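The values are calculated or read from the model by the stated rules, or taken from the named source; none is laboratory data. In this text the structure is predicted, and so the values were computed from the model without any measurement. Please note: Cβ atoms are built from the backbone with ideal geometry, for glycine as well, and neighbour counts cover all protein chains shown. In case anyone asks, the SASA skips ligands and DNA or RNA and just uses the protein heavy atoms, side chains included. Shrake-Rupley method; radii C 1.70, N 1.55, O 1.52, S 1.80 Å.
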Amino acid sequence: MSLRVPVTVLPHGVGLPLPAHATDGSAGLDLIAALPENEPLTLAPLGRAAVPTGLCIALPEGFEAQIRPRSGLALKQGLTVLNAPGTVDADYRGEVKVLLINLGEAPVTLERGQRIAQMVVAPVTRIKLVEVGDLTKTTRGSGGFGSTGLDGGTISR
Ligand SMILES: O=c1ccn([C@H]2C[C@H](O)[C@@H](COP(=O)(O)OP(=O)(O)OP(=O)(O)O)O2)c(=O)[nH]1
Ligand SMILES: [Mg+2]
């Protein structure tokens with residue numbers, strides 16, 4: 001069973017395939033760069049850009065979409081999602097964009113139709129903060145940031 005997510009395709013997205021799960025077990029849908037034909041975008045080292053997907057979506061209430069890097073691009077070229085995981089809110093109706101940054105040493109060129117990131121849809125838990133005087137006691141207490149040891153071994157507190 002798949003969750004149905006309405007999508008509209010902007011003029012610059014027409015002609016590109018709609019993102020879909022690549023395999024039955026793929027968590028994400030690869031997002032495709034809806035850049036102009038014959039107008040590649042080059043990101044210099046540390047260069048960044050909001051890359052258009054040409055898509056607007058209407059997520060069901062109670063869900064979000066996370067924009068995550070593709071590991072192959074990250075490993076091979078140092079290309080990653082600057083705000084990973086990017087958050088697409090359920091009430092957002094604008095174009096989904098991918099904020100990419102080139103953390104590699106060489107320029108990276110992106111072309112129309114290239115798969116640049118992946119989108120994972122996840123449930124959201126809504127919360128309401130309730131102020132109290134004291135929190136419940138735990139073994140960890142306020143220890144964090146390496147308090148249990150950095151070698152995966154003994155607790156060093
Ligand atoms: O990678 C991203 C991140 C965000 N968005 C869109 C959808 C999201 O719902 C909206 C706002 O994102 P976010 O809350 O991360 O940005 P903000 O800087 O807090 O802006 P706002 O004040 O509009 O919430 O921008 C994207 O298209 N791609
Ligand atoms: Mg926000």
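For L59, all conditions in the list (1) among the hydrophobic types (A, V, I, L, M, F, W, C); (2) open to solvent by less than 30 Å² (accessible area, probe 1.4 Å); (3) more than 14 Å from ligand 1 (Cβ to nearest atom); (4) in a loop (DSSP other than H, G, I, E, B) hold save one; what is the number of the exception?
(3)
Across region 6-44, what is the number of residues that are closer than 17 Å to E64 by Cα and charged (D, E, K, R)?
So the answer is 1.
Give the residue, chosen from L150, L110, that is aliphatic (A, V, I, L, M) and modelled with pLDDT under 95.
Checking each option against the conditions leaves just L150.
Can you find, within region 40-49, the residue that is nearest to ligand 1 (Cβ to nearest atom) among those that are small (G, A, S) and surrounded by 13 or more Cβ atoms within 10 Å (Cβ to Cβ)?
Restricting to residues being small (G, A, S) and surrounded by 13 or more Cβ atoms within 10 Å (Cβ to Cβ), the top hit is A49.
Mind checking which residues of region 64-123 are closer than 17 Å to R48 by Cα, among the β-branched types (V, I, T) and surrounded by fewer than 16 Cβ atoms within 10 Å (Cβ to Cβ)?
Scanning region 64-123 gives a single hit, T109.
Does V132 fit the bill of being under 29 Å from L10 (Cβ atoms) and among the aliphatic types (A, V, I, L, M)?
When the stated conditions are applied, V132 does not pass them.
Might you check whether a residue that is of a type in the set (S, T, N, Q), open to solvent by 60 Å² or more (accessible area, probe 1.4 Å), within 30 Å of T125 (Cα to Cα) and more than 16 Å from ligand 1 (Cβ to nearest atom) occurs anywhere in region 31-39?
No, every residue in region 31-39 fails to be of a type in the set (S, T, N, Q), open to solvent by 60 Å² or more (accessible area, probe 1.4 Å), within 30 Å of T125 (Cα to Cα) and more than 16 Å from ligand 1 (Cβ to nearest atom).
For (1) in contact (Cβ under 8 Å) with a residue 40 or more places away in the chain; (2) among the charged types (D, E, K, R); (3) not in a strand (DSSP E or B), each residue gets a yes or a no:
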{"residue": "D24", "(1), (2), (3)": "no, yes, yes"}
{"residue": "A49", "(1), (2), (3)": "yes, no, no"}
{"residue": "I67", "(1), (2), (3)": "yes, no, no"}
{"residue": "G72", "(1), (2), (3)": "no, no, yes"}
{"residue": "N83", "(1), (2), (3)": "no, no, yes"}
